[in-house]
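Contents: one structure, followed by commentary.
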Amino acid sequence: MRIQASRKGRRVLARLSGELDHHGAAEIRAKLNALIADHTVSELVLDMGNVTFMDSAGLGVILGRYRDLSRRGGRLILTCVPGDIDRLFEMYGMYSLAGCGRGMLDATDTI
Amino acid sequence: MYDNRMRLQFMSLSQNESFARAAAGAFLTQLNPTLDQLTDVRTAISEAVTNAVIHGYQNGPGLITLCATIEGGRCTFAVRDSGVGIEDVSRARQPFFTTRPELERSGMGFTVMETFMDEVVVRSSAGGGTTVIMKKIIKGEAKK
């Protein structure tokens, strides 16, 4: 799993590629935590478009970052979510959590 | 009588999670599954093997066995460990239940297996290891 990221103001955009399972979970958790360690970051946008596999362990990693952000009033936006991964988010009720939503990339989003 | 059968044994290591789901998916392709059915099986196998690594063997040493049997249009998978076992299977199967919240586990493993497969049977006892048997109907009367 690879992460490419960019920051614009209080918003961090991270593009994930590869497989998000238990094996890669610790590394992805550490990388995402580093991206949002600065508490002036209030929004994390995860571009899931190139994630080729995700299971409940991957869901746990994303959920963990959502909790970190929501504790400080921040938001998590999930974007370009492939159908099979969307099913897992729906199953968990991810999109109905306060401060978590589906989003779209805008024209100024670049990495 | 089955049409085809396979059996794999591998060490309880997290890098074998992707190996196990790839092997299960490769075995399933002889039934010409749809992409969605293939993803269902790969995800469910990943859940069962991850449970064996984290919970069964608690990230310690051990061997995991993956068996698959094809009969007609259905494939039955079994993931077996000889780890600590599950004390209360019905509680473990409840959505959001996890014994390891500190690991950021979502508690959705069994729910994912039950949703993505047509039948899930869990045989386990404290100290006696765990076997998860999952059936996927590829052709014929699949789950609505």
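The values are calculated or read from the model by the stated rules, or taken from the named source; none is laboratory data. Just so we're clear, the structure is a prediction, and the values are computed from it rather than from any experiment. Note: ideal-geometry Cβ built from the backbone for every residue, glycine included; neighbour counts use all protein chains shown. Side chains are part of the model used for accessible areas, which takes the heavy atoms of the whole protein and leaves out ligands, DNA and RNA. Shrake-Rupley method; radii C 1.70, N 1.55, O 1.52, S 1.80 Å.
Picking from residues in region B:52-64 that are open to solvent by less than 30 Å² (accessible area, probe 1.4 Å) and touching a helix residue (DSSP H, G or I) at 6+ places or on another chain (Cβ under 8 Å), the one that is farthest from the other protein chains (Cβ to nearest Cβ) is B:62. The number of residues in region B:71-107 being under 17 Å from the mean Cα position of the chain (by Cα) and within 28 Å of residue B:140 (Cα to Cα) comes to 8.
Does residue B:17 meet the test of being touching a His at 6+ places or on another chain (Cβ under 7 Å) and open to solvent by less than 10 Å² (accessible area, probe 1.4 Å)?
Working: touching a His at 6+ places or on another chain (Cβ under 7 Å): yes; open to solvent by less than 10 Å² (accessible area, probe 1.4 Å): yes.
Spelling it out, residue B:17 is indeed touching a His at 6+ places or on another chain (Cβ under 7 Å) and open to solvent by less than 10 Å² (accessible area, probe 1.4 Å).
For region B:72-80, indicate whether the set of residues that are of a type in the set (A, V, I, L, M, F, W, C), out of contact with any helix residue (DSSP H, G or I) (no Cβ under 7 Å at 6 or more places or on another chain) and assigned to a loop (DSSP other than H, G, I, E, B) is non-empty. Give the derivation first.
The first filter runs over region B:72-80 and keeps only residues of a type in the set (A, V, I, L, M, F, W, C), leaving B:75, B:77-79.
Add one more test, that the residue is out of contact with any helix residue (DSSP H, G or I) (no Cβ under 7 Å at 6 or more places or on another chain), and what stays is B:78.
Next cut, assigned to a loop (DSSP other than H, G, I, E, B) only: none.
Taking every residue of region B:72-80 in turn, none turns out to be of a type in the set (A, V, I, L, M, F, W, C), out of contact with any helix residue (DSSP H, G or I) (no Cβ under 7 Å at 6 or more places or on another chain) and assigned to a loop (DSSP other than H, G, I, E, B).
Within region B:102-144, being charged (D, E, K, R) and either open to solvent by 30 Å² or more (accessible area, probe 1.4 Å) or under 14 Å from residue B:52 (Cα atoms) (or both) holds for B:102, B:104, B:105, B:114, B:118, B:119, B:123, B:135, B:139, B:141, B:143, B:144.
Within region B:81-95, if we keep just the residues that are assigned to a helix (DSSP H, G or I) and more than 15 Å from residue B:47 (Cα to Cα), the residue that is least open to solvent (accessible area, probe 1.4 Å) turns out to be B:89. Selection of region B:100-144 for residues being within 10 Å of chain A (Cβ to nearest Cβ) and small (Gly, Ala, Ser) yields B:106, B:107, B:109.
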